[in-house]
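Accompanying notes for the structure given below.
The values are calculated or read from the model by the stated rules, or taken from the named source; none is laboratory data. All of these numbers come straight from a predicted model, not from anything done at the bench. Virtual Cβ from ideal backbone geometry, glycine too; neighbours counted across all protein chains shown.
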Amino acid sequence: MKPVVIIGGGITGLAAAWELYQREVPFILLEASDRLGGKIKTDRADGFIIEGAADSFLVGKPWAWQLCREIGLGDRLIGTNDHNRKVYVLKDGKLNFMPQGMRLLVPVDPDGLLASDLLSEAGKRRMLEEPEIPGGWTGSDESLASFVRRRFGEEALEVLGEPLMAGIHTADPEILSMRASYPDYLEKERLYGNVTLPTRQTEIKPRPTLPGQPPTTFVSLKNGVYEMVEGLAAKLGDNIRLNSPVERLDPDKTVRLASGETIEAEAVILTVPTAQAARLTQSFAPALAANLAEIPTLSSATVSFGYREADLPGPLDGFGFVVAASEPTHLLASTWSSTKLFGRAPAGHALLRVFFGGHRHEADVDLSDEALVALAKTEVRQVMHIEAEPVITRIFRWRQANPQYKIGHLDRLAEMEGQQTPQWLRLAGSPYHGIGIPDCVNQGRKAARSLLGIE
């Protein structure tokens, strides 16, 4: 039997490979660069564990932690330090506590919202009036910004909707598709006429847990998220080939590498960014390639600083902060890594990171290392009053690595996955059905099963 060829060695491609490996289906995974993992990258230095992008993954979507258990990493899973679970919002130049009882945008605890200074009195009243606003969703797609304005008001969009909900996607809320990113909110509006009351009811009746499910909302691994990549690589072994860029994909399933080598494939799973996927499919599926090219991307960057705790003006007493849309800053958010997760900094030290780029300041990603670090230090000084020099600094840039689910995204995917995609080809990864690590794991494994006629 010819091998299934997986193009792309991020977590989606690795998950697809694991599914095939488990089923004893021959495969070859081709990764263009000299490392696996895609946006999963962990730097371990001087006792610090520094993440390049995601530092944890959601437990409620079980596919990532279940995969960790399958490959023998169950005892390596660690939960977030939820006794320190405080989140702030940078607004009017200061860090304000997130109101108690918020579930993203929804005030599950009205008293918690009313006691907060984060929003004006009018803004709080408008949010609490959401159950009385007539349901207006017609079934068509709309932007996150449109939805939040309709249901919760303009101030809620500025202070919570953009930094929290669009921020998860590194996206512009004016174009981010609700159907693709937060369909459960639309479904609640359709079924109940509002979002708040059914969300509160869910809090009263929590979802049942799965066997072996970790107790915290998010989990990571003791030595960083990259442990998952290392664990998969160790299991998959010689079927993985690094430094193997693909030059062309032919309609007869021949995979042509830049080295001149050719591989006759039984089927192909593409887990590469959309620009590369469009290039590889242009010759035999031009309509598919055109739709792939219509999925936009944005760039982002993180700068991590490690400090001696004695040099800080105070403890990092929370998980970090997000930034209200109106703030005159280049920061998108900050994670206080050594508070959020155990073992991220050596004894007597603290680790934090700040985020740049996105739709407001994408050009920051292309600053020189010196300029980006200087900008990060200035922002940290202004917001957190940290004057000390860090003992360690790390920069990670993710150029055009954040796919944007613009309005109509699911309709575009339906076209692509219908008549436009050949039967022997599957697309999977963050540009399609979810950006998180669990989503990507699920997509990779589903793509492999689909090719085998299992799902």
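Couple of notes before you dig in:
- Restricting attention to the range 365-392, the residues that are assigned to a loop (DSSP other than H, G, I, E, B) and touching a Lys or Arg at 6+ places or on another chain (Cβ under 9 Å) total 6.
- Flag for GLY79 being modelled with pLDDT of 95 or more, surrounded by fewer than 21 Cβ atoms within 10 Å (Cβ to Cβ) and either touching a helix residue (DSSP H, G or I) at 6+ places or on another chain (Cβ under 8 Å) or among the hydroxyl-bearing types (Ser, Thr, Tyr) (or both): no
- Candidate set: the range 1-44, residues that are touching a strand residue (DSSP E or B) at 6+ places or on another chain (Cβ under 9 Å) and polar (S, T, N, Q); chosen: the one surrounded by the most Cβ atoms within 10 Å (Cβ to Cβ): THR12
- Beta carbons closer than 8 Å, at least 6 apart along the sequence or on distinct chains, pair a first residue in the range 216-233 that is surrounded by fewer than 20 Cβ atoms within 10 Å (Cβ to Cβ) with a second that is modelled with pLDDT under 95 and assigned to a loop (DSSP other than H, G, I, E, B) for THR217/GLY60.
- Looking only at residues in the range 426-455 that are part of a helix (DSSP H, G or I) and of a type in the set (Gly, Ala, Ser), the one that is nearest to ASN402 (Cα to Cα) is GLY444.
- THR202 vs. criteria closer than 20 Å to GLY60 by Cβ, at pLDDT below 95 and of a type outside the set (A, V, I, L, M, F, W, C): yes
- Of the criteria (1) surrounded by 15 or more Cβ atoms within 10 Å (Cβ to Cβ); (2) closer than 20 Å to PHE321 by Cα; (3) of a type outside the set (Phe, Trp, Tyr), which one ALA64 fails: (2)
- In this structure, VAL354 qualifies as closer than 20 Å to TRP398 by Cβ and without any contact (Cβ under 8 Å) to a residue 60 or more places away in the chain.
- GLU417 being within 22 Å of GLY314 (Cα to Cα) and touching a strand residue (DSSP E or B) at 6+ places or on another chain (Cβ under 9 Å): no
- Considering only residues in the range 304-325 that are closer than 14 Å to THR339 by Cα and either outside the structural domain of VAL391 (by TED's automatic domain parsing) or free of Cβ contacts under 8 Å to residues at least 40 places away in the same chain (or both), the one that is surrounded by the most Cβ atoms within 10 Å (Cβ to Cβ) turns out to be LEU316.
- Counting the residues of the range 65-87 that are within 26 Å of PHE97 (Cα to Cα) and aliphatic (A, V, I, L, M) gives 2.
- The range 94-148, residues that are among the polar types (S, T, N, Q), under 30 Å from the mean Cα position of the chain (by Cα) and more than 28 Å from ALA180 (Cβ to Cβ): ASN96, GLN100, SER116
- The set of residues in the range 235-257 that are in contact (Cβ under 8 Å) with a residue 40 or more places away in the chain and of a type in the set (Gly, Ala, Ser) contains only SER244.
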